[in-house]
1. Just to confirm the filter: which trypsin sites (Lys or Arg not before Pro) across the stretch 83-158 are DSSP coil and have at most 16 other Cβ within 10 angstrom of their Cβ?
2. What full-extension length gain, to one decimal in nm, is calculated for GLU129 and GLU280 as 0.36 nm per residue of separation minus the Cα-Cα distance?
3. By count of other Cβ within 10 Å, fewest leading, how are ILE90, ILE254, ILE272 ordered?
4. If you average the alpha carbon positions of the stretch 93-158 and of the stretch 178-193, how far apart do those two centres end up, in angstrom?
5. Can you list the residues, at least 5 places off or on another chain, whose amide H is less than 5 Å from the amide H of PHE156, using H built in the peptide plane?
6. Starting from the amide H of PHE207, placed 1.01 Å from N in the peptide plane, find each other amide H under 5 Å away whose residue is 5 or more places distant or on another chain.
7. Label points 7 Å out from Cα along the Cβ direction at GLU151 and ILE216: separation in nm?
8. Let's test this: bin the Cα-Cα distances of the stretch 157-286 at 10 Å from zero up to the farthest pair and state each bin's percent.
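Derivation of every value follows stated rules applied to the coordinates shown; laboratory data play no part. Keep in mind it's a predicted model, so treat the numbers as computed, not measured. Every residue, glycine as well, gets a Cβ built from its backbone with ideal geometry; the counts of neighbours run over all protein chains shown.
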Amino acid sequence: MEYRLGKTGFEADLERTRILEQAKTDDFFTLESLESQRAGIRDVTHYYARTFGIYDSVNNVYGKDLAEYDIKRLAYEELNEKRLEVIEYIEDRKAKAYAKMFLVAERIGEVELSKAEPSYRSYLEEYAEFTEYTEFLTYFYDEIKSVSPGEPAKSFALKDKEGNTHTLEDYKGKYVLLDFWAGWCQPCLDEFPVMRDIYNDFSREDFEIIGISTEIDKDVWRADIEKFENPWPQLYGGNGFDQETFKAYKGGGIPFYILIDPDGNIARYNDIRATFNLREVLNELIDE
């Protein structure tokens with residue numbers, strides 16, 4: 001994923017190095033360690049997607065160059081199969097269990113839980129003796145289940161630039177897209193033109209977008225929202241990826257999108273993008 005260097009001084013390569021260095025000292029069996037785990041998983045996934053020509057094949061199927069995020073999501077099963085093949089060459093049982101733990105954790109986080117559950121249950125049975133691994137996966141599974149479609153959305157109370165507090169309950173009765181973003185995230189910015197078109201094409205009675213910044217510097221956030229002039233509510237929580245609402249939804253990176261239904265339940269969990277399928281998803285849901 002490529003980022004635009006902004007006023008925050010964010011350097012993607014330095015940040016990746018920091019995360020992977022931190023991985024060497026992390027306790028890998030807590031949710032807090034998942035940042036470093038996901039960084040490693042992203043690197044491996046990127047390598048396999050390029051090595052096995054998966055990027056090219058997905059782009060050919062859809063007839064256009066898709067975002068890296070969408071390619072990895074659409075080709076997930078093929079990527080996962082290739083990595084499982086490699087893991088089978090590991091002879092040491094504990095090392096193999098450790099490697100598989102990462103793939104099962106990724107599967108829990110990337111696909112519908114109903115599709116991830118067989119791999120999860122199989123792992124618990126096959127590697128029951130490695131309790132630190134199975135307990136971590138169980139913890140992670142339960143955490144992800146709490147933000148799966150059909151579960152109640154996590155409430156929040158965040159302020160806009162005028163200091164007005166917005167809560168999720170203020171928007172009940174319509175579909176709400178939570179857009180977690182920052183000005184240094186180029187993939188986030190790439191979505192804005194299509195998001196604006198979609199926003200203007202749907203009634204506010206049916207659909208709203210709420211931007212929630214993960215920017216640390218509030219002045220940078222203010223400058224960014226003035227620069228991009230998106231018409232939907234823009235809220236600030238501060239604290240980067242430690243922002244309370246972002247963590248409540250188990251966010252692992254941005255762009256990150258949650259679609260909430262009129263009853264206040266999660267409808268879609270980070271499998272929608274304006275440049276890919278948001279319009280079609282909304283048309284289907286609102287016409288029901």
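1. On the way: sites: ARG83, ARG93, LYS94, LYS96, LYS100, ARG107, LYS115, ARG121, LYS145, LYS154; in loops: LYS154.
The qualifying sites: there are none.
2. Details: separation 151, 0.36 × 151 = 54.36 nm, distance 4.58 nm.
Contour length minus the Cα-Cα distance gives 49.8 nm.
3. Details: ILE90 14, ILE254 21, ILE272 18.
Fewest-to-most Cβ neighbours within 10 Å comes out as ILE90, ILE272, ILE254.
4. 28
5. LEU168, GLU169
6. HN-HN under 5 Å from PHE207: TYR175.
7. With each label placed 7 Å out from Cα toward Cβ, I get 2.8 nm.
8. 12, 48, 36, 4
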